[in-house]
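What follows draws every value from the coordinates through simple rules; no lab data is involved. Quick caveat, the model's predicted, so the values are computed rather than measured. Note: ideal-geometry Cβ built from the backbone for every residue, glycine included; neighbour counts use all protein chains shown.
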Amino acid sequence: MTNVAIIGTEKSGRTSLAANLGKKGTSSDITMYNNDKESRKMVFVDSHGYPKALKSLITALNISDIAVLCVPPDGLDRNNPASVHTGECIVALDLLGFKHGIIALTKSDSTPYVCNR
Ligand SMILES: Nc1nc2c(ncn2[C@@H]2O[C@H](COP(=O)(O)OP(=O)(O)OP(=O)(O)O)[C@@H](O)[C@H]2O)c(=O)[nH]1
Ligand SMILES: [Mg+2]
């Protein structure tokens, strides 16, 4: 079984991604989305309580083998107050020793690409 943490800022598309990858199961500080269809059983762990509850992020990461960091179009924009949580997620990944992972550019259909330079 492989557990995959789905993390990121508020409204970064975490639940939509997890719900597309698995079937909703147990829910507490985190919500499990199970996928038994592949040869390897997968559990996608939605850290849905974060950023309100830091515990949700830490629990999701602690029980997972790999993490997907959801970054929406304004997820690294300094004018977006929520972007600090993208940074906090990166620090948490580093402190918990995640050496590899996936960055999902979520909601990429919602904003046309804008280059300021
Ligand atoms: N346009 C667009 N909207 C999306 C996409 N994914 C999610 N959304 C919308 O973005 C909003 C937030 O998505 P969620 O999946 O709830 O994101 P979340 O990180 O779980 O949000 P919270 O748990 O409420 O913090 C919802 O209104 C979704 O319908 C996408 O790929 N494109
Ligand atoms: Mg959610």
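What number of residues within segment 1-59 satisfy the criterion of being part of a loop (DSSP other than H, G, I, E, B) and within 12 Å of ligand 1 (Cβ to nearest atom)?
Of the residues in that region, 13 qualify.
Are there any pairs with C-beta distances below 8 angstrom linking a residue in segment 55-83 that is closer than 14 Å to Ser12 by Cβ to a residue that is among the acidic types (Asp, Glu), with the two at least 6 apart or on different chains, and if so which?
Qualifying pairs under 8 Å: Ser56/Asp29; Leu57/Glu88; Ala60/Asp46; Asn80/Asp74; Ala82/Glu10; Ala82/Asp74; Ser83/Asp74; Ser83/Asp77.
Restricting attention to segment 1-16, which residues are under 20 Å from Glu88 (Cβ atoms) and in contact with an Asp or Glu (Cβ under 8 Å, 6 or more places away or on another chain)? Reasoning before the result, please.
Within segment 1-16, the subset under 20 Å from Glu88 (Cβ atoms) is 4-15.
Once the filter is applied, which keeps residues that are under 20 Å from Glu88 (Cβ atoms) and in contact with an Asp or Glu (Cβ under 8 Å, 6 or more places away or on another chain), segment 1-16 yields Val4, Ile6, Arg14, Thr15.
Can you pull out every residue in segment 60-74 that is out of contact with any Ser or Thr (no Cβ under 8 Å at 6 or more places or on another chain) and in a loop (DSSP other than H, G, I, E, B)?
Passing the criteria: Ile63, Ser64.
When you check Ser110 against the structure, is it within 15 Å of Gly8 (Cβ to Cβ) and of a type in the set (S, T, N, Q), yes or no?
Working: within 15 Å of Gly8 (Cβ to Cβ): yes; of a type in the set (S, T, N, Q): yes.
Against the criterion (within 15 Å of Gly8 (Cβ to Cβ) and of a type in the set (S, T, N, Q)), Ser110 qualifies.
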